[in-house]
Amino acid sequence: MNEHVSFSVAAASGAEEPVWGLNSRPNTRKVFIKTYGCQMNVYDSTRMSDALAGDGYVTTEDMGEADLILLNTCHIREKAADKVYSALGRLREMKKDRAAEGKELMIGVTGCVAQAEGEEILRRSPAVDVVIGPQTYHRLPEALKRARAGTRVVDTEYAVEDKFEHLPATEKAKIRSRGVTSFLTVQEGCDKFCTFCVVPYTRGSEVSRPVRQIIDEAERLVEGGVREITLLGQNVNAWRSAGPDGGAWGLGDLLYRLAEIPGLARLRYTTSHPRDMDERLIAAHRDLRALMPYLHLPVQAGSDRILKAMNRRHTTAEYLRLVERIRAARPDIAMSGDFIVGFPGETDRDFEDTLRIVEEVNYAQAFSFKYSTRPGTPGAELSDQVPEEVKAERLERLQALLLKQQAEFSKSCIGKVIELLLEKPGRMPGQVIGRSPWLQSVNVDAKASQIGDIIQVRIIGTGPNSLFAEPAGSLIGA
Ligand code: SAH
Ligand code: SF4
Ligand code: F3S
């Protein structure tokens, strides 16, 4: 779950037909959604676009032609939150220019900054019409109506009703236009309260979606052409619900059930907390061919003292033992993680422990960040903050090690014949980009009509962020 992804959902949704309003005039209202933050925000942006479609909005990739601009925001680090206010400054100018032409431009802030700052956004940014939290975006059409009638709206209450019950199902054509892989949020919120983290405050406490809702959505996605689903949650492996048999189900049980859906070739899930990796989930990695051998399991730091101060509630030894058990169940699993350097009180020796755990685990991929003080979290109260230049130096050393491991992992793939899910046209004509089981981007010569197929390829080379392959043998599953 990482803030570095920042892209517009509209960019992924392709061309869309205009929608005709009730009075049979073309409804030309267009929405542009800018998505910051983690995959959960990416999923929410698609669902907001579904909610607005019911109100006659079509999504656009061109901000300049939008009548409504939504910033779906992230609060995880200071930089992420700052981006929102600088974007709002630019939008204010755009709104003024539009008004001078007598045209409407509405601006909405959604996501985690909306939840954390609420009214403050209206005070700081006069151009904003609506502020909607992650639990209330099913009420977006209603909020826009009120704003259009002259009242700026802040709706960040944790809604009593389940937003998923109130969102329209995604139209089949839309699913198709969004591609052959899809996110599906199954769990939201966090009860862990790591002392550095805003998520428990912006997303609320842990809530799991019911099994039936998830299966229905997954089946609909597959009918719409999706081959790979990534289950999402701030703590996805804390997902718990009553199974159809009335028994208590965990994420492992859910994966076994979803793997039975005909046509669903691949399953993934993210982000997991080490404390919630239970036996059944580990067994799913052993048993399910559809469950991809890749696991994002953040440890954050390698010093027990710092883990304790972070309130991670496990030790390095427990984490390493867990990784061992997972690897015993699925030997080819690629491990991924998140790291924070410069948590208050982190000494050189603590940092060396982080380098050591990275050496021991050997990550295929990882994300690392300088600790960012977040208002309202217990970490912000700690006195022994680490100087910026020390954080920068540690981050550089850690990233060099992680990059080396990632490059070594890529190189170890050369010569292997793997299954590749073809996802989208490549940069060169005649090329298609697919994903390896280990989540690497792979370029291969293939026809655009093969997108959605899983083919066998041989890895023949590596680039900075992707691999190169040649077709090898037969089609595995269309
Ligand atoms: N629920 C997930 C992580 C969600 S946040 C988990 O428990 O692992 C994604 C990542 O952002 C975290 O894993 C952490 O590495 C990073 N992060 C969170 N708060 C941060 C902060 N205040 N400063 C720097 N990085 C932070
Ligand atoms: Fe944040 Fe910790 Fe919850 Fe992850 S488990 S979302 S890092 S508080
Ligand atoms: Fe950011 Fe909220 Fe995700 S703070 S990382 S968008 S849960």
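The values are calculated or read from the model by the stated rules, or taken from the named source; none is laboratory data. Worth saying up front: this structure is predicted, and the values here are computed from it rather than measured. Cβ placement follows ideal geometry from the backbone for every residue including glycine, while neighbour counts extend to all protein chains displayed. Quick note on the areas: whole protein, heavy atoms, side chains included, nothing else; ligands and nucleic acids left out. Shrake-Rupley method; radii C 1.70, N 1.55, O 1.52, S 1.80 Å.
The largest accessible area among Y85, Y137 belongs to the first residue in Y85, Y137, and the rest follow in falling order (1.4 Å probe, all chains). A Cβ-based charge dipole, computed about the Cα centre of segment 414-471 with Lys and Arg at +1 and Asp and Glu at -1, lands at about 100 debye. Farthest towards the positive end of the charge dipole of the chain, among the residues G189, L355, A127, is the Cα of A127, using unit charges on the Cβ of Lys, Arg, Asp and Glu. Here the gap between D338 and L167, fully extended at 0.36 nm per residue and compared with their Cα-Cα distance, gives a gain of 58.3 nm. When only alpha carbons are used to place a centre, segment 379-405 and segment 215-275 end up 35 Å from one another.
Rolling a 1.4 Å probe over the protein heavy atoms leaves F32 with an accessible area of roughly 20 Å². The Cβ shell under 12 Å around E352 holds other residues with a net charge of -1, Lys and Arg each +1, Asp and Glu each -1.
Using a 1.4 Å probe on the protein heavy atoms, what percent of the accessible area of segment 79-194 belongs to carbon and sulfur?
The nonpolar share, carbon plus sulfur, comes to 50 percent.
Estimated at 0.36 nm per residue, the fully extended path between A329 and R92 surpasses their Cα-Cα distance by 79.9 nm. Once both labels are positioned 7 Å from their Cα atoms along Cα-to-Cβ, the gap between V207 and H314 label points is 2.6 nm.
A 28 angstrom limit on the alpha carbon distance is what I want to check against. Which of K145/K424; K95/K391; K95/K145; K34/K103; K103/K145; K79/K411 exceed it? Before the final figure, lay out each step's value.
Numbers: K145/K424 37 Å; K95/K391 39 Å; K95/K145 18 Å; K34/K103 21 Å; K103/K145 17 Å; K79/K411 33 Å.
From the list (K145/K424; K95/K391; K95/K145; K34/K103; K103/K145; K79/K411), the Cα-Cα distance tops 28 Å for K145/K424; K95/K391; K79/K411.
For W239, the solvent-accessible surface computed with a 1.4 Å probe is close to 0 Å², ligands and nucleic acids excluded. The distance between label points at R176 and R305 comes to 6.1 nm (points 7 Å beyond Cα on the Cα→Cβ vector). About its Cα centre, the dipole of segment 343-454 is roughly 660 debye, where the only charges are +1 on Lys and Arg Cβ and -1 on Asp and Glu Cβ. Taking 0.36 nm per residue of separation and subtracting the Cα-Cα distance, full extension of the segment from E388 to D191 would add 68.0 nm.
Applying a 4.7 Å Cβ-Cβ cutoff to the chain leaves C38, C74, C112, C190, C413 as cysteine residues with no disulfide-compatible partner. With a cut-off of 12 Å on the backbone N, the residues of segment 298-323 near the modelled label site 7 Å out from R275 along Cα-Cβ are 308, 310-315.
Taken about its Cα centre, the chain carries a charge dipole of roughly 560 debye when the Cβ of each Lys and Arg holds +1 and the Cβ of each Asp and Glu holds -1.
Put S125, S205 in order of accessible area, highest first, and with a 1.4 Å probe you get S205, S125.
In the context of the full set of protein chains, residues of the chain present 43 Å² of accessible surface per residue (probe radius 1.4 Å, heavy atoms only). Take the Cβ atoms of K447 and R257, set R0 to 41 Å, and the FRET efficiency comes out at 0.75. Dipole orientation for the chain: of the candidates P331, G415, Q405, G415 has the Cα lying most toward the positive pole (charges on Cβ; Lys, Arg +1; Asp, Glu -1). Antiparallel beta bridges, as assigned by DSSP with both residues in the chain, represent about 40 percent of the total such bridges. Accessible surface comparison of E279, E470, probe 1.4 Å, protein chains only, largest first: the order is E279, E470.
Rolled with a 1.4 Å probe across the full set of protein chains, the surface gives V199 an accessible area near 30 Å². The sum of -39500 (n - 2.57) across all DSSP H runs of n ≥ 4, divided by the residue count of the chain, sets its helix-only mean residue ellipticity at 222 nm to -10500 deg cm²/dmol. Reported to the nearest whole Å, the Cα centre-to-centre distance from segment 121-194 to segment 433-462 is 34.
Think of the chain as having a plus end and a minus end, set by charges on the Cβ of Lys, Arg, Asp and Glu; of M94, Q213, A51, M94 sits farthest toward the positive end of this dipole.
With the simple model of a label 7 Å out from the Cα in the direction of the Cβ, R148 to E359 spans 6.3 nm.
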